[in-house]
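Before any comments, here is the structure.
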Amino acid sequence: MVEWVPQAGALYERVHQQYVGGARKLESLINELIGEEEGINYLTATARAKDPESFLAKASKPHPDDPARPKYDDPLNQITDLVAARVITFLVEAVDRVCEVIEEEFEIVEHTDMGAHTRAQGVFGYASKHYLVRLNDHRRELPEYAVLKNLVMEIQVRTAVQHAWAEFEHDIRYKLDIPPDRKPEFDRRFLLAAALMELADNEFTEIDRLYRELAASESDKAPLDLTTATLTTYLTRRYPDAPHAKTTHYAWILGVLHRLGIDTEEQLTELLRGIDSEAVQAAMTHRAPAGTVRRLDDDLLAAKGPSYLDLFPDEERRQKILRGRLKALVRAEIIQP
């Protein structure tokens, strides 16, 4: 081991808790951006700080061109996954939407589309999207993000199917010393699994399309009382091109409707009568296509005007967001000032 590597490891161990705090901040920020603000349907968004043992192992790696030299001269600044986040979605379309938010909200240092790389080689395999990012200029100046101010961080985005393949493949390839004569067998089976992975993602997308068709065909049925299930179908029918939201978001907007005294599909349809939802969306500045719950939230704001904010008296951040959207609706002359 190079002489200074233990010193670097000891230094990282002393400051490790700062990176743990930074990971919490990054995780909270990503959930806020893709969940609360954009309403994207995703499984998890988590972040972690690299543990000291992993840091020491990575800092000890030799240079690929000269084993006598270290790979990293300054590991604390050169290792780019000291704070790393991972977003896992259900559908490929949600991966694209998450990536749009990342590219809008962070300074992109590097972007690697692993799926595009494997497709260019004419094979199946790892399909995650990897970003190296920094905070944008605005957030760097905020005291709450001081620990992340100049840090390069890693964000990976992939579907749940891609995640399962990647984690299992990593465990086998990196934790097991596979004999050279057995390697082709493992390669072939991982290649087959990767092909099935892509097929599964494609089928989930097709199932989602079929669900939307089925929801649209139920438009002539008698109006129903609103539950999370019936509201999900109703919003899919009302906004056929909008992506689905997280299950918890449907429950949240259902509670908002109850506070408005809306308990049935018929009452909701009447409240939104005359609202041009396309015009409402044109007035907004959403970074990615708004999901079904966000579309309804915007339409409710257009229908109720400033009184809609009264439903959230103690939610300062939501009040700020809604006031911004309200101004956009006034500028577009959808509602009166």
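The values are calculated or read from the model by the stated rules, or taken from the named source; none is laboratory data. This structure is a prediction, so every number in the text was calculated from the model and none was measured. Every residue, glycine as well, gets a Cβ built from its backbone with ideal geometry; the counts of neighbours run over all protein chains shown. Ligands, DNA and RNA are excluded from the accessible area calculation, which covers all protein heavy atoms including side chains. Shrake-Rupley method; radii C 1.70, N 1.55, O 1.52, S 1.80 Å.
Would a scan of the stretch 292-308 turn up a residue that is open to solvent by 40 Å² or more (accessible area, probe 1.4 Å) and closer than 28 Å to Leu43 by Cα? Within the stretch 292-308, none of the residues are open to solvent by 40 Å² or more (accessible area, probe 1.4 Å) and closer than 28 Å to Leu43 by Cα.
May I ask you to verify whether His117 is modelled with pLDDT of 90 or more and either in contact with a helix residue (DSSP H, G or I) (Cβ under 7 Å, 6 or more places away or on another chain) or not hydroxyl-bearing (Ser, Thr, Tyr) (or both)? Walk me through it before giving the result.
Numbers: modelled with pLDDT of 90 or more: no; either in contact with a helix residue (DSSP H, G or I) (Cβ under 7 Å, 6 or more places away or on another chain) or not hydroxyl-bearing (Ser, Thr, Tyr) (or both): yes.
So His117 does not fit the description; no.
If the condition is being of a type in the set (Asp, Glu) and either within 30 Å of Glu198 (Cβ to Cβ) or under 21 Å from the mean Cα position of the chain (by Cα) (or both), then the stretch 138-160 contributes only Glu154.
In the stretch 26-44, the residues that are more than 13 Å from Ala245 (Cβ to Cβ) and open to solvent by less than 10 Å² (accessible area, probe 1.4 Å) form Cβ pairs under 7 Å with partners that are part of a helix (DSSP H, G or I) and charged (D, E, K, R), at six or more places apart or across chains, as follows: Leu33/Glu105.
Of all residues in the stretch 170-217, those satisfying the criterion of being at pLDDT 80 or above and among the polar types (S, T, N, Q) are Asn202, Thr205.
Residue pairs whose Cβ atoms lie under 7 Å apart, separated by 6 or more positions or on different chains, with the first residue in the stretch 135-152 and touching a residue at least 40 places away in the same chain (Cβ under 8 Å) and the second open to solvent by 80 Å² or more (accessible area, probe 1.4 Å) and part of a helix (DSSP H, G or I), are Val147/Gln18. Against the list (1) closer than 22 Å to Arg97 by Cβ; (2) out of contact with any Lys or Arg (no Cβ under 8 Å at 6 or more places or on another chain); (3) open to solvent by 70 Å² or more (accessible area, probe 1.4 Å); (4) not hydrophobic (A, V, I, L, M, F, W, C), the condition Pro289 fails is (2). Annotation: of all residues in the stretch 245-278 being hydroxyl-bearing (Ser, Thr, Tyr) and more than 22 Å from Asn41 (Cβ to Cβ), the one that is most open to solvent (accessible area, probe 1.4 Å) is Thr269. The criterion of at least 1 residues that are surrounded by fewer than 19 Cβ atoms within 10 Å (Cβ to Cβ) and under 16 Å from the mean Cα position of the chain (by Cα) is met by the following strands (runs of 3 or more DSSP E) wholly inside the stretch 46-117: 106-113.
The C-beta contact set for the stretch 223-244 (first residue open to solvent by 70 Å² or more (accessible area, probe 1.4 Å), second residue modelled with pLDDT of 90 or more and among the charged types (D, E, K, R), distance under 7 angstrom, 6+ apart or interchain) comprises Pro223/Glu265; Pro223/Glu266; Leu224/Glu265; Asp225/Asp263.
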